[in-house]
Amino acid sequence: MTTTPISPSPASPSLIATLPGRYYTDPEVFRQEQEKVFESLWFCAVRGADLAKPGAFRTVQVGRENVVITRTRTGELRAFLNVCRHRGARLCTEASGEVRRSLQCPYHAWTYDLDGRLIAAPNLIKMPDVDRVEYGLIKVALREWLGYAWVCLADEPPSFEDTVVHAAVERLGDAAAIGHYGTERLALGRRVTYDVRANWKLIVENFMECYHCATIHPELTEVLPEFADGYAAQYYVGHGAEFGEEIKGFTVDGGAGFAKLPEVTADQDRRYYAITVKPTVFVNLVPDHVILHRMFPLAEDRTVVECDWLYAPEVVASGADVSKSVELFHRVNVQDFEACERTQPAMSSRAYRRGGVLVPNEHHIGIFHAWLLDLLGDSHA
Ligand code: FES
Ligand SMILES: [Fe+2]
């Protein structure tokens with residue numbers, strides 16, 4: 001690809017350069033990202049509990065590929081390229097569904113079991129030489145973590161521990177810390193899907209900094225007063241932003257939430273921790289719930305974000321009203337995504353041709369940019 005270097009360091013040492021505007025607008029950059037980021041790294045695709053029963057399936061766009069994830073008769077999750085091996089029709093055309101035992105292509109009825117083997121096709125009996133495994137669906141690597149299925153399209157997936165789990169260890173400064181929230185055992189209290197007209201990187205950058213918190217997040221800075229200073233929970237390793245003195249819970253009005261999750265420690269109580277699991281996941285930890293964002297970058301200027309609010313199973317089972325805590329981060333999401341949408345059109349302005357600048361409490365975003373440029377094989381100069 002063309003390798004326009006990012007703009008030279010600004011004159012003031014307080015400021016470092018962002019990526020140039022075209023990284024947010026150029027379809028060719030997005031295509032490179034699909035190949036070298038979304039199709040090469042582990043991509044958080046679905047929540048396991050969304051595929052509760054054998055035969056349940058979901059389809060997800062991962063880079064340029066469509067992937068179908070199923071639950072087998074024996075209860076495991078499997079992922080396949082959503083392409084029929086006969087003449088290439090898309091096998092599952094719905095975003096989600098449920099089959100009894102098999103996935104049948106709607107074109108000529110080639111039929112695959114939930115492990116991907118070809119089990120039936122018109123006249124297959126007359127073609128005994130056809131190997132049912134060889135002409136089975138193409139498998140995609142899958143790992144489960146935090147209750148979600150992460151898939152990787154690479155022929156040789158990178159280490160899941162080093163590239164995914166490590167993000168939480170590095171952020172929290174402690175390998176055991178995320179486990180105390182028992183995220184994989186939590187139940188879904190609410191899901192909100194946002195269709196954001198902005199490049200996925202603007203959403204990542206926004207999540208990584210809190211320089212904007214005082215300006216656009218009045219409810220959040222009320223609950224987490226230190227966010228008003230602009231130093232996000234992600235600036236300091238191991239640091240979680242402390243609730244304000246009068247604040248009882250992570251709710252829109254600071255009123256009480258639910259009992260803290262059983263293994264959350266005294267150090268973690270009354271604090272908010274944020275983790276960016278590159279490329280597309282944000283994890284937000286508070287004592288009584290976990291908020292997990294998954295991004296689905298669909299174009300250089302469009303990203304769907306699915307946000308799950310997860311609570312102790314007994315909270316959800318009791319029918320307790322979760323709306324006070326949902327409302328807090330829902331407002332934060334709307335405020336953040338509006339800011340990203342306001343920024344996106346300006347990325348193609350002449351004013352942003354060489355990019356913008358990062359102030360000191362945003363300098364850590366430069367690490368994200370360096371990570372991306374490295375994956376794209378672009379020069380840093
Ligand atoms: S393309 Fe699927 S059965 Fe022919
Ligand atoms: Fe924000």
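Report the charge-dipole magnitude of segment 326-381 in Debye, nearest 20, computed about the Cα centre from +1 at each Lys and Arg Cβ and -1 at each Asp and Glu Cβ. Please report the intermediate quantities before stating the final value.
Numbers: 5 positive and 7 negative charges, 65 e Å.
Charge dipole of segment 326-381: 320 debye, to the nearest 20.
Of the trypsin sites (Lys or Arg not before Pro) in segment 56-85, which ones lie in a loop per DSSP and count no more than 11 other C-beta atoms within 10 Å?
Values: sites: Arg58, Arg64, Arg71, Arg73, Arg78, Arg85; in loops: Arg64, Arg73, Arg85.
Filter output for segment 56-85: Arg64.
Which is the longest part of the chain that has none of the GluC sites (Glu not before Pro) sitting in a DSSP loop with at most 14 other Cβ atoms within 10 Å? Mind showing how you got there, number by number?
Values: sites that count: Glu76, Glu94, Glu134, Glu245, Glu246, Glu263.
The longest uninterrupted stretch comes out as 264-381.
Please work out the FRET efficiency for the pair Val169 and Arg191, using the Cβ-Cβ distance as r and a Förster radius of 22 Å; give the result to the nearest 0.05. Please list the in-between numbers first.
Working: r = 27 Å, r/R0 = 1.23.
After rounding, the FRET efficiency stands at 0.25.
Show me, bin by bin at 5 Å from 0, the whole-percent P(r) of segment 199-244 based on Cα pairs.
5, 25, 29, 24, 12, 4, 0
Suppose every K and R has +1 on its Cβ and every D and E has -1 on its Cβ; what is the size of the dipole of segment 43-152 about the Cα centre, in Debye to the nearest 20? Present the calculation step by step, with values, prior to reporting the outcome.
Numbers: 17 positive and 11 negative charges, 22 e Å.
Rounded to the nearest 20 debye, it is 100 debye.
Which of Ala52, Ala351, Tyr24 sits farthest toward the positive end of the charge dipole of the chain, with +1 on the Cβ of Lys and Arg and -1 on the Cβ of Asp and Glu?
Most positive-ward Cα: Ala52.
Treating the beta-carbon of each Lys and Arg as +1 and of each Asp and Glu as -1, no other charges, what is the dipole magnitude of the chain about its Cα centre, to the nearest 20 debye? Please list the in-between numbers first.
Numbers: 39 positive and 51 negative charges, 312 e Å.
Using Cβ point charges on Lys, Arg, Asp and Glu, the chain gives about 1500 debye.
Using alpha-carbon pairs under 8 Å, 6+ residues apart, how would you state the relative contact order of the chain in percent? Could the numbers behind the result be given before it?
Working: 770 pairs, mean separation 81.8, N = 381.
Contact order relative to length: 21 percent.
Provide, for the chain, the number of lysine pairs with alpha carbons under 22 Å apart, each pair being eight or more places apart or on different chains.
Values: Lys36/Lys139; Lys36/Lys201; Lys36/Lys278; Lys53/Lys139; Lys201/Lys278; Lys248/Lys260; Lys248/Lys324; Lys260/Lys324.
Close lysine pairs under the 22 Å cut-off: 8.
Along the charge dipole of segment 198-333, which of Pro218, Ser325, Met208 sits closest to the positive end, that is, farthest toward it, with unit charges on the beta carbon of Lys, Arg, Asp and Glu (+1, +1, -1, -1)?
Towards the positive end, the residue furthest out is Met208.
On a 0 to 90° scale, report how tilted helix 365-376 is relative to the longest principal axis of the chain, with both axes built from alpha carbons and the result rounded to the nearest 10.
Computed tilt is about 30 degrees.
Could you work out how far helix 323-343 tilts from the main Cα principal axis of the chain, as a 0 to 90 degree angle to the nearest 10?
90
Please compute the alpha carbon radius of gyration of segment 93-241, then divide it by the globular-protein estimate 2.2 N^0.38 Å. Two decimals is fine. Don't jump to the answer; show the numbers that get you there.
Working: Rg = 23.0 Å, N = 149, 2.2 N^0.38 = 14.7 Å.
Output field value: 1.56.
Express in nm, to one decimal, how much length is gained between Arg353 and Ser159 on full extension, taking 0.36 nm for each residue of separation and deducting their alpha carbon distance.
Details: separation 194, 0.36 × 194 = 69.84 nm, distance 3.61 nm.
This chain segment gains 66.2 nm when fully extended.
What is the pair-distance distribution P(r) of the chain, computed from all Cα-Cα distances in 10 Å bins starting at 0, with each bin given as a whole percent?
Whole-percent P(r) values from 0 Å outward: 5, 22, 30, 24, 13, 5, 1, 0.
What value does segment 229-381 have for Rg/Rh, both radii from Cα atoms and Rh as Kirkwood defines it? Please report the intermediate quantities before stating the final value.
Details: Rg = 18.0 Å, Rh = 17.9 Å.
Checking Rg against Rh, the ratio lands at 1.01.
Can you compute log10 of I(q)/I(0) for segment 306-381 with the Debye formula, treating each Cα as one identical point scatterer, at q = 0.11, 0.13 Å⁻¹?
Normalising to I(0) and taking log10 leaves -0.55, -0.69.
Using the alpha carbons of segment 60-116, what is the convex hull volume per residue in cubic angstrom, as a whole number?
Numbers: hull volume 4.3 nm³, N = 57.
Dividing the Cα hull volume of segment 60-116 by its residue count gives 75 Å³.
Averaged over all directions, how much area does the convex hull of the C-alpha atoms of segment 302-349 cover when projected, in nm²? Write down the numbers at each step before the final one.
Working: hull surface 15.9 nm².
Approximately 4.0 nm², given one-decimal rounding.
Give the Rg/Rh ratio for segment 43-152, taking Rg as the radius of gyration of the Cα atoms and Rh as the Kirkwood radius, to two decimals. Kindly include the intermediate steps, with their values, before the conclusion.
Numbers: Rg = 13.5 Å, Rh = 14.0 Å.
Value, to two decimals: 0.97.
Would you please give the residues with an amide H less than 5 Å from that of Leu261, counting only those at least 5 places away or on a separate chain, with H modeled from the backbone geometry?
Hits under the 5 Å cutoff: Asp288.
Go from 0 up to the bin containing the longest alpha carbon distance in segment 163-237, width 5 Å each, and give me the % of pairs per bin.
3, 12, 14, 16, 23, 24, 6, 0
At what distance in angstrom do the alpha carbon centres of segment 254-318 and segment 27-81 lie from each other?
Going from one Cα centre to the other spans 21 Å.
What percent do you get for the relative contact order of segment 43-152 when only Cα pairs under 8 Å and 6+ apart count?
28
Within the P(r) computed for segment 182-301, what percentage of the Cα pairs occupies the region above 26 Å?
Pairs farther apart than 26 Å: 21 percent.
Read the figures in this text as sums done on the coordinates, not as results from a lab. In this text, all values refer to a predicted model and were calculated from it rather than measured experimentally. Don't worry about glycine lacking a Cβ; one is built from the backbone with ideal geometry, like all the others, and counts go over all protein chains shown.
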